[in-house]
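The structure appears right after this line, and notes come after that.
Values quoted throughout were computed directly from the atomic coordinates according to the rules given, and no laboratory measurement underlies them. This structure is a prediction, so every number in the text was calculated from the model and none was measured. Glycine also receives a Cβ, built like all others from the backbone with ideal geometry; neighbour counts cover every protein chain displayed.
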Amino acid sequence: MLGVRLETELESRLTALAERTHRSKSYHAKVALARYIEQEEAKEKADRESLIRWEAYKENGESISNKSVINWLDSWGTDQEKSCPEK
């Protein structure tokens, strides 16, 4: 069980939403919290992956040139779309 104190304005907005949708305030709070947690977990995962890539780059120095990436992106949506550049 979790108790949350809300500012007056947020509480009023939540109450109004619950009334308009014929759902409980708890329902909306659970949905909002689940979405927020998913978003934060995705950010954490992206941060971890970035750190792993950075460590790998520091070890081996392998990278893809900016020019290669720009050429690839410029080809998007054309008849001659290029494949993703590789190391």
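Some observations on this one:
- Ordering Gln80, Ala18, Asn66 by Cα displacement along the dipole of the chain toward the positive end leaves Ala18 in first place; charges were set at the Cβ atoms of Lys, Arg (+1) and Asp, Glu (-1).
- Rounded to 10°, Cα long-axis angle of helix 66-75 versus longest principal axis of the chain: 70 degrees
- Pair Leu10, Asp47: separation of 7 Å Cα→Cβ label points (nm): 2.0 nm
- Max mean-square fluctuation residue, GNM over the chain, Cα-Cα springs under 10 Å, options Lys58, Lys25, Lys67: Lys67
- For the chain, radius of gyration divided by Kirkwood radius, i.e. Rg to Rh on alpha-carbons: 1.29
- Over the chain, Cα pairs under 8 Å with separation of 6+ residues give a relative contact order of 15 percent.
- Among the chymotrypsin sites (Phe, Trp or Tyr not before Pro) in the chain, those placed in a DSSP loop whose Cβ has at most 11 other Cβ atoms within 10 Å are Trp76.
- Folded to 0 to 90 degrees: helix 25-60 orientation relative to the chain principal axis, Cα: 20 degrees
- Cα-centre dipole for the chain with unit charges at Cβ (Lys and Arg positive, Asp and Glu negative), debye to 20: 380 debye
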